[in-house]
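Engineer: Below is a structure I'd like to ask you about.
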Amino acid sequence: MSILKWIKSSKIREPSSPGLPSSSRATSKDDAIAITAANEAIESLSDSPKASPSRPGKRKRGEYGSYTPEERAKFAKIANDFGVAKASRKISSDLGKRVSETTIRSMRDEYRKKIKINLEQRIASEIKELPTKIRGRPLMLGDKLDDRVKMFVKNLRAAGGVVNTTIVVAAARGIVRAENRALLVENGGHLDVSRDYARSLMRRMNLVKRKGTKTARKLPVDFENLKAEYLKKITKCVDEYNIPHELVINFDQTGLKMVPTSEWTLEEKGSKDCSIVALDDKREITGVVGISLTGALLPFQLIYKGTTDRCHPSYTFPKDWNVTHSENHWSTSVTMIEYAKSVLIPYFDKVRKEIKRSGRSKAHALAIFDVFKAHQDKDFLALLHKNRIRTVFVPPSTTEELQPCDRTVNGKLKYIIKQKFINWYSDQVSTQLEKGVPVEKVTVDLRISAIKPAHANWLLHAFDVLSKDDDCVINGFRLAGITDALEC
């Protein structure tokens, strides 16, 4: 006797879901009825509220239950007293939704472990809470230090300060240093407080990056033609005036922030307004950086904001540096002429004297720089030509690719200053904590009068590092294509 005899007959219809077998191809009526019944059962899954609308027939994972520590303790006690099965039925009935025996059993087991611990410690209090276990990896700094960093960041934001990865790394290092210096990697420990940690902490604090809208820079459509013409001018000038490689230099202006924070700050996730504070011109100076094709670093020119020498920091700079000022700390035709007289011409004269080859003491030099307005001043260019310094301009909108300073040196200079700032900021935080100042009351004085001398020291340190890094300087010319063009 066929089992189909006991199956209720239904009207045969074609399946609506793709991929299911058609009953019309069945070899017998009984087979057709069986195929139709199976298809209907499978298609009913798609009509279930648990099915995913984006993937018909694919059941969605059930919703996870979320219970308070008090509820978990209550459920666990019921399961401990009456058994898991009865507890599951009663709790499901009370809540109006199914709570599985597996869920109840895990709560009961945690409850029993806590009872055992209380008995061993002779604690007679009733268990009223059963917190959920902390998921994920343990915090790198541990709960205590991590909470201190959070407190510092929270108070810094409340005071209107800039919060970004640089500040968070610096503050965290200072807090760890105050607790135990030996924990840090640089002191032989295991804690490497890096940007990854800062990002992790900010995610846990529900902070996200915010940045003002800025037009993206794009290379000109005819960039390759501009590059070819630019390199051709350089090679032609070097060949025509027989310029030694030691006398081929590039100089460029770059902003050097007192507080190296960039345009990024952090705001709570979902906020619409993003006020970026502490990033005005008063916290920045202009540095003019010069490098030679053979790896030499020229003395810096530093331009502070002000109208008299009183705006300069109380710091003793090297004698061959040019420390000056302008109303907005930007380069002007006046500061460029000052740079030529104080840095460029003395440098070229010094190199010419060092060149001991016959007839090269009066060799021409080549200065490569961009088309910034102050660079095109007639008096400035005339002064260079008078001192046998030929000039080639970097094509507009191509400095990121064709200017040697932009390719390597400027970035490394700012990176070194940032690391010095982090160490300085960490020292300020740790010193206060070591004196007993609560973390919520720790403040770092970032006023320009306080930070300017420290910033001057960081610049001198950065210069010392870069002046010993010939490869960084030489690679700037190579990446810009100048080295290969002159070697052809």
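Engineer: For a distance above 15 Å, tell me the whole-number percent of Cα pairs in the range 387-487 that qualify.
Structural biologist: When every Cα pair of the range 387-487 is considered, 72 percent fall beyond 15 Å.
Engineer: Could you give the dipole magnitude of the range 332-488 about its Cα centre, charging the beta-carbon of Lys and Arg +1 and that of Asp and Glu -1, in debye to the nearest 20?
Structural biologist: Computed about the Cα centre, the dipole is about 740 debye.
Engineer: Ignoring ligands, DNA and RNA, what accessible area per residue does the range 70-181 give at 1.4 Å, in Å²?
Structural biologist: I get 63 Å² per residue for this part.
Engineer: Tabulate in residue order the Karplus-calculated ³J(HN,Hα) for the range 90-101, using 6.51 cos²θ - 1.76 cosθ + 1.60 with θ = phi - 60°, rounded to whole Hz; enter x for Gly and Pro.
Structural biologist: Couplings: 5, 5, 4, 5, 5, 7, x, 8, 6, 10, 5, 5 Hz.
Engineer: Next question. From the backbone phi of the range 419-430, what are the Karplus-calculated ³J(HN,Hα) couplings (6.51 cos²θ - 1.76 cosθ + 1.60, θ = phi - 60°) in whole Hz, Gly and Pro given as x?
Structural biologist: 5, 5, 4, 4, 5, 5, 5, 4, 4, 4, 5, 5
Engineer: Still on this structure: Quick check: pseudo-label points 7 Å beyond the Cα along Cα→Cβ at Lys90 and Asn328, how many nm apart are they?
Structural biologist: Placing both labels 7 Å along Cα→Cβ, they lie 7.7 nm apart.
Engineer: Whole-Hz ³J(HN,Hα) for each residue in the range 449-457, computed from phi via Karplus 6.51 cos²θ - 1.76 cosθ + 1.60 with θ = phi - 60°, x for glycine and proline: what do you get?
Structural biologist: 5, 7, 8, 4, x, 5, 4, 4, 5
Engineer: Taking every pair of alpha-carbon atoms in the range 64-157, give the share separated by more than 20 Å as a whole percent.
Structural biologist: Here the long-distance tail beyond 20 Å is 51 percent of all Cα pairs in the range 64-157.
The values are calculated or read from the model by the stated rules, or taken from the named source; none is laboratory data. Owing to the predicted nature of the structure, the values given are computational and were not obtained by experimental measurement. Ideal geometry is used to build each Cβ from the backbone, glycine not excepted, and the neighbour counts take in all protein chains shown. Side chains included, ligands, DNA and RNA excluded: accessible areas come from the protein's heavy atoms. Shrake-Rupley method; radii C 1.70, N 1.55, O 1.52, S 1.80 Å.
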